[in-house]
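**Q** Before I ask anything, here is the structure I am working with.
The values are calculated or read from the model by the stated rules, or taken from the named source; none is laboratory data. These numbers were taken from a predicted model, which means no experiment stands behind them. Counting neighbours? That spans all protein chains shown, and the Cβs are built from the backbone with ideal geometry, glycine included. What goes into the accessible areas is simple: the full protein's heavy atoms, side chains included, and nothing from ligands, DNA or RNA. Shrake-Rupley method; radii C 1.70, N 1.55, O 1.52, S 1.80 Å.
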Amino acid sequence: GYYPSEQEVENMKNEVKYSRFIETGEYVDSLDMETFVKLFVNHRPVYGIGKHHIEEALKVLTDVADGDAIISRDTLVDMLLNQGEPMSPRELKACLGSLLGEGTVETALPDDINSAVLAEQVLGFEEVEEYYDEEGEGPVMSEQIVYERDEEHV
């Protein structure tokens, strides 16, 4: 799936709003299904999210260059509530409820979270085979996705 940030959604809304302004001098305040699909296709990432993306993101959050990055539950929650596009405590609870079921942050998340825990236990991804190009760069997309969402997890 594609989960745009609030800023990405705002950018898409502005793209639609101003799409005919130069021609007509008017704002666009609605869109048809064809325009919606074009907007989605043009803004979604070409490649799916792979294990290496989650590992790299966690390394950035924890300032770990090599090895397995681990973030404490409290640090992750603090970052989600206070950095980037901060979530409200209510939004965090709703998201964790959707991902992990009922419970508190303390019972829903383990004390220490690495990329495997984040991908598999928190986000509910199932690992599938990764494919790389001849230079070892990747993943190369064909019909396979590096991680597929486990719908039964939600």
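**Q** Along the positive direction of the dipole of the range 3-57 (beta-carbon charges: Lys, Arg +1; Asp, Glu -1; about the Cα centre), which of His43, Ile22, Asn11 reaches farthest?
**A** His43
**Q** Taking 41 Å as R0, compute the FRET efficiency from the Cβ-Cβ separation of Glu23 and Ser88 and round it to 0.05.
**A** Step by step, r from the Cβ atoms, then E = 0.55.
**Q** Starting from the Cα gyration tensor of the range 74-124, take the square roots of the eigenvalues, sort them a ≥ b ≥ c, and report rounded, prolate or oblate (rounded when a/c is under 1.5, otherwise prolate if a/b is larger than b/c, else oblate). Walk me through the numbers before you get to the answer.
**A** Values: a/c = 1.64, a/b = 1.21, b/c = 1.35.
In terms of gyration-tensor shape, oblate.
**Q** In a solvent-free Debye calculation with one equal scatterer on each Cα, what is log10 I(q)/I(0) for the range 1-112 at q = 0.11, 0.12 Å⁻¹, listed in the order of the q values?
**A** -0.55, -0.64
**Q** Does anything in the range 82-102 have its amide N under 17 Å from the 7 Å Cα→Cβ label point of Val60, and if so which residues?
**A** Only 82-87 pass the distance filter.
**Q** Ignoring any ligand, DNA or RNA, what whole percent of the accessible area of the range 1-131 comes from carbon and sulfur when the probe is 1.4 angstrom? List each step's numbers first, then the result.
**A** Details: 4900 of 9230 Å².
Here carbon and sulfur together make up 53 percent of the probe-accessible area.
**Q** Now for a separate question. How large is the accessible surface per residue of the range 1-137, computed with a 1.4 Å probe and reported in Å² as a whole number? It would help to have the intermediate numbers written out before the result.
**A** On the way: 9870 Å² over 137 residues.
Per residue, the range 1-137 has an accessible area of 72 Å².
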